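The values are calculated or read from the model by the stated rules, or taken from the named source; none is laboratory data. All values reported here derive from a predicted model rather than from experimental measurement. Don't worry about glycine lacking a Cβ; one is built from the backbone with ideal geometry, like all the others, and counts go over all protein chains shown.
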Amino acid sequence: MTEDAIIIGGGFAGLSAAMQLARARRRITILDTGLPRNRFAAHSHGFLAQDGRPGGDILADARRQLAAYETVTFRDAPAERLEGERDAFSVVTGDGARIDARRVLLATGFEDQLPDIPGLSERWGKTVLHCPYCHGYEVGGGAVGVLARTSDAARFAAVVADWGDVTLFTNAVPEPDEKDLAVLEARNVKLRPGRVTAVTDGPGGMLAVETGPGIPTLVKALFVSPEARVRSDIPRNRGLERKETPVGSILQTDDTGQTSLPGLYAAGDIALGAGNIALASANGVKTAVFLHHSLIWS
């Protein structure tokens with residue numbers, strides 16, 4: 001039987017999209033590997049009425065609610081290939097199944113690529129963080145660091161300064177220009193030049209950020225914008241158009257969420273470039289509504 005839609009990815013965007021289509025009584029299959037992007041963080045913050053809950057618990061509740069809709073099927077398997085075209089797609093899964101559908105929605109999210117610095121990945125989601133809106137309040141003020149990865153780091157550091165006393169580690173990235181330096185000075189952001197060589201545990205639960213010989217800089221948390229890579233080979237294999245952003249390459253979509261391949265939609269981080277569960281959920285809802293309309297006005 002041909003599904004109305006296959007949703008690839010069971011994170012916040014994918015499940016939010018699924019809820020809209022399920023309530024429209026559309027037959028959908030959700031493919032998921034159980035590895036959401038925020039799995040490294042113990043708690044999520046800033047999501048209305050869910051502040052402080054583990055992200056995995058929120059997703060588990062969503063799956064339970066969706067399972068009550070008789071037109072919804074879950075498959076715990078990755079999507080290996082996407083074949084066909086609008087109204088006649090086929091997705092081949094990692095467990096060998098082939099599922100046919102009129103529409104497909106990509107909501108795989110990103111895989112974060114951290115700078116290759118000893119000690120960074122082990123602390124990811126704990127004291128090495130990506131989003132001050134998600135985790136900055138819990139840091140509690142005091143000394144915090146921002147690790148530069150691109151030239152946009154100065155703007156990021158100026159924002160993070162609302163959550164603490166910021167040191168910007170330039171990390172061999174070109175230093176800010178005069179305009180950005182003036183903003184950083186006004187925001188009391190300190191610059192620490194040189195390449196960061198390691199991040200280790202310091203006294204009193206602090207992080208010690210090493211920049212070569214000398215005394216390391218102690219901070220309570222280190223914010224970094226990792227390079228975000230789409231967690232699927234489908235966009236590359238189908239030649240989808242992309243758009244470059246400060247976080248990495250995202251999928252080019254139109255105002256309805258449709259990619260450059262007719263009938264294939266994208267939602268969440270890979271379409272927005274933002275790593276925020278509220279934004280991903282909202283985008284999933286919006287894209288699903290337009291996808292539903294396309295099934296009627298095809």
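Of note:
- Those residues of region 263-277 which are of a type outside the set (A, V, I, L, M, F, W, C), in contact with a helix residue (DSSP H, G or I) (Cβ under 8 Å, 6 or more places away or on another chain) and either assigned to a loop (DSSP other than H, G, I, E, B) or surrounded by fewer than 22 Cβ atoms within 10 Å (Cβ to Cβ) (or both), in sequence order: GLY263, GLY268, GLY275, ASN276
- Any hit, region 54-63, residues being loosely packed, with under 15 Cβ neighbours inside 10 Å and either touching a Phe, Trp or Tyr at 6+ places or on another chain (Cβ under 6 Å) or in contact (Cβ under 8 Å) with a residue 40 or more places away in the chain (or both): no
- Qualifying residue in region 263-286 (condition: hydroxyl-bearing (Ser, Thr, Tyr), over 23 Å from ALA62 (Cβ atoms) and out of contact with any Cys (no Cβ under 9 Å at 6 or more places or on another chain)): no
- Considering LEU291, LEU240, LEU191, the condition of being hydrophobic (A, V, I, L, M, F, W, C), in the same structural domain as LEU105 (by TED's automatic domain parsing) and not in a helix (DSSP H, G or I) is satisfied by LEU240 alone.
- A single member of VAL289, VAL224, VAL247 is aliphatic (A, V, I, L, M) and touching a His at 6+ places or on another chain (Cβ under 7 Å), and it is VAL224.
- Within region 202-226, restricting attention to residues that are touching a Gly at 6+ places or on another chain (Cβ under 6 Å) and assigned to a loop (DSSP other than H, G, I, E, B), the residue that is surrounded by the fewest Cβ atoms within 10 Å (Cβ to Cβ) is GLY212.
- Selection within region 83-112: residues that are surrounded by 20 or more Cβ atoms within 10 Å (Cβ to Cβ) and under 22 Å from the mean Cα position of the chain (by Cα). The member of this set that is farthest from GLY34 (Cα to Cα) is VAL104.
- Residues of region 136-185 classified as over 21 Å from PRO216 (Cα atoms) and of a type in the set (S, T, N, Q), total: 2
- Residues of region 95-135 that turn out to be of a type outside the set (A, V, I, L, M, F, W, C), in contact (Cβ under 8 Å) with a residue 24 or more places away in the chain and part of a loop (DSSP other than H, G, I, E, B), as a count: 9
- If the condition is being surrounded by 15 or more Cβ atoms within 10 Å (Cβ to Cβ) and either in a loop (DSSP other than H, G, I, E, B) or over 18 Å from the mean Cα position of the chain (by Cα) (or both), then region 227-237 contributes ARG231, SER232.
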